[in-house]
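A.B. asks: Could you have a look at this structure, given as structure tokens, before my questions?
The values are calculated or read from the model by the stated rules, or taken from the named source; none is laboratory data. Source: prediction; values computed, not measured. Virtual Cβ from ideal backbone geometry, glycine too; neighbours counted across all protein chains shown.
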Amino acid sequence: MSSSTNVIFQVQPGGSLNGEIRVPGDKSMSHRSIMLGSLADGVTHVTGFLNAEDAMCTLEAFRAMGVQIEGPVNGEVTVHGVGKHGLKAPEKPLYLGNSGTSMRLLSGLLAGQPFDCVLTGDKSLESRPMKRVTAPLAQMGAEIVTQENGTAPLHIKGKAGKLQGMHYDMPIASAQVKSCLLLAGMYAEGETSVTEPAPTRDHTERMLAGFGYPVTRDGATARITSNGKLTATNIDVPSDISSAAFFLVGASIAPNSDVTLKHVGINPTRTGVIDILRLMGANIEVLNEREVGGEPVADLRVRSAQLQGINIPEHLVPLAIDEFPVLFVAASCAEGQTVLTGAEELRVKESDRIQVMADGLQILGIDAQATKDGMVINGGQIGGGEVDSHGDHRTAMSFSIAGLRASGPITIKDCANVNTSFPEFRDLAVKLGLDVSVI
Ligand SMILES: O=C(O)C1=C[C@@H](OP(=O)(O)O)[C@@H](O)[C@H](O)C1
Ligand SMILES: C=C(OP(=O)(O)O)C(=O)O
């Protein structure tokens, strides 16, 4: 695992991005394809699977619970489903690395199993808040022992047949909490329903439906019962818009750029980054829109544009939640001021993404002021310097993209965790025209 802190990126300033690439598979869908494929009856074939550390943590966890899984080989994975009640007790704690999605979704899925298990992770994951899932799960009858401050390791007691469905009004807009409770609801008596305060990514609901498991959605509420089964299916995972986002911003801010990103998932619960960049004046075309396995997909063509500062509409925040580190770089290159509010969730991701980005951008000479729930950025000239990603993949890649408009080299510390979501980042960035190397 990538606990080492010694990978350092160095970016030479300037350049433009040109060409056509396909970024790797969607991380959210890759996790879910393993979870639901494992619980299905029959053999599920996945293509486009993300071969990166986070998704591999989920895959290894299911192997440890007795599921036979082949691959990934060139993005292909074959999951020999064991059925809804076929998982076996793991012999050791399940190590989930850096992956919040694995830990939060698995806590719901495992709360209603007939065996006990322990979920652990790296230093970052074991400092992230887990009460947001353990508290509602406890209301359903789950027994999960956390550390004193509600963090992992999580000790989950098997409660087969003892969970009770309930209604839950989520206090935060979180797809991980919603998905956790829906997965627990597959093992609970009666109905489990979850209402979200604002739309969040709906891959769990869509993929459950793809496996033939009844889940109903009415407005902001999703409902599920234990009266269903999953039937194996084929899943084509599109490219991850969260990985594409680095190049949507990069090609927008670098002069003379023209990039096409092929086969990107454009589920409307994920396209906030396109909406925000367009509000800032970006030139992004959505081409060849099509539907693949219940998810909308398109090619995205992006060309350089002079961006303008904006007040980012709060309703777009959950729809672009992982893209803010790179959107802060876009704002740094925009004319005028950009203001983000309503994004306090950024403080509890792999790093405190508000503080880490504000600190790094200030080192690079940008007037970026962290606020409790967002940031105020005045566009300006990005300079060179040494910044720290704090072991967060998205901040590491965002500072790399900043190099396209920098006046001097940028050195970025602690970049090993780029492997959690986008191991090919550097290769693809170099191919398009960014001069980024490991030193
Ligand atoms: O459900 C998912 O796959 C994810 C949901 C988001 O987290 P929250 O739902 O906690 O905001 C996002 O930040 C994460 O990268 C993936
Ligand atoms: C927040 C992220 O992932 P997770 O919560 O799964 O660690 C992310 O990939 O930006």
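A.B. asks: Here are some conditions: (1) more than 28 Å from Thr192 (Cα to Cα); (2) surrounded by 17 or more Cβ atoms within 10 Å (Cβ to Cβ). Lys92 meets all but one. Which one does it not meet?
C.D. replies: (2)
A.B. asks: Let me ask another. In the set Thr395, Thr371, which member is among the hydroxyl-bearing types (Ser, Thr, Tyr), in contact with a Lys or Arg (Cβ under 9 Å, 6 or more places away or on another chain) and not assigned by TED's automatic domain parsing to the domain that holds Thr200?
C.D. replies: Values: Thr371 fails: in contact with a Lys or Arg (Cβ under 9 Å, 6 or more places away or on another chain).
The unique qualifying residue is Thr395.
A.B. asks: If you don't mind, there's one more thing I want to ask. Those residues that are more than 15 Å from Ser252 (Cβ to Cβ) and free of Cβ contacts under 8 Å to residues at least 60 places away in the same chain, I need them from region 285-311; list them, please. Working first, answer last.
C.D. replies: Here is the first cut: in region 285-311, the ones more than 15 Å from Ser252 (Cβ to Cβ) are 287-299, 311.
Correct list: Leu287, Asn288, Glu289, Arg290, Glu291, Val292, Pro296, Val297, Ala298, Asp299, Asn311.
A.B. asks: Suppose we filter Ser193, Ser179 for residues that are within 16 Å of ligand 2 (Cβ to nearest atom) and in contact with a His (Cβ under 9 Å, 6 or more places away or on another chain); which single one remains? Can you show your working first?
C.D. replies: Values: Ser193 fails: within 16 Å of ligand 2 (Cβ to nearest atom).
Residue meeting the stated conditions: Ser179.
A.B. asks: Here is a follow-up. Looking at Ser16, Ser99, Ser38, which one is in contact with a Ser or Thr (Cβ under 8 Å, 6 or more places away or on another chain), closer than 23 Å to Arg206 by Cα and not aliphatic (A, V, I, L, M)?
C.D. replies: Values: Ser16 fails: closer than 23 Å to Arg206 by Cα; Ser38 fails: in contact with a Ser or Thr (Cβ under 8 Å, 6 or more places away or on another chain).
None of the other options fit; the residue is Ser99.
A.B. asks: Residues to consider are Leu163, Leu106; find the one that is under 24 Å from Thr231 (Cα atoms), of a type in the set (A, V, I, L, M, F, W, C) and within 14 Å of ligand 1 (Cβ to nearest atom).
C.D. replies: On inspection, the qualifying residue turns out to be Leu106.
A.B. asks: Counting only residues that are at pLDDT 95 or above and not assigned by TED's automatic domain parsing to the domain that holds Phe211, give me the strands (runs of 3 or more DSSP E) lying completely in region 24-143 with at least 1 of them.
C.D. replies: Working: elements: 41-47, 68-73, 76-82, 117-120.
Passing ranges: none, list empty.
A.B. asks: Scan region 341-365 residue by residue and report those that are surrounded by 24 or more Cβ atoms within 10 Å (Cβ to Cβ) and either more than 16 Å from ligand 2 (Cβ to nearest atom) or of a type in the set (S, T, N, Q) (or both).
C.D. replies: Within region 341-365, Ser351, Gly360, Leu361, Leu364 qualify.
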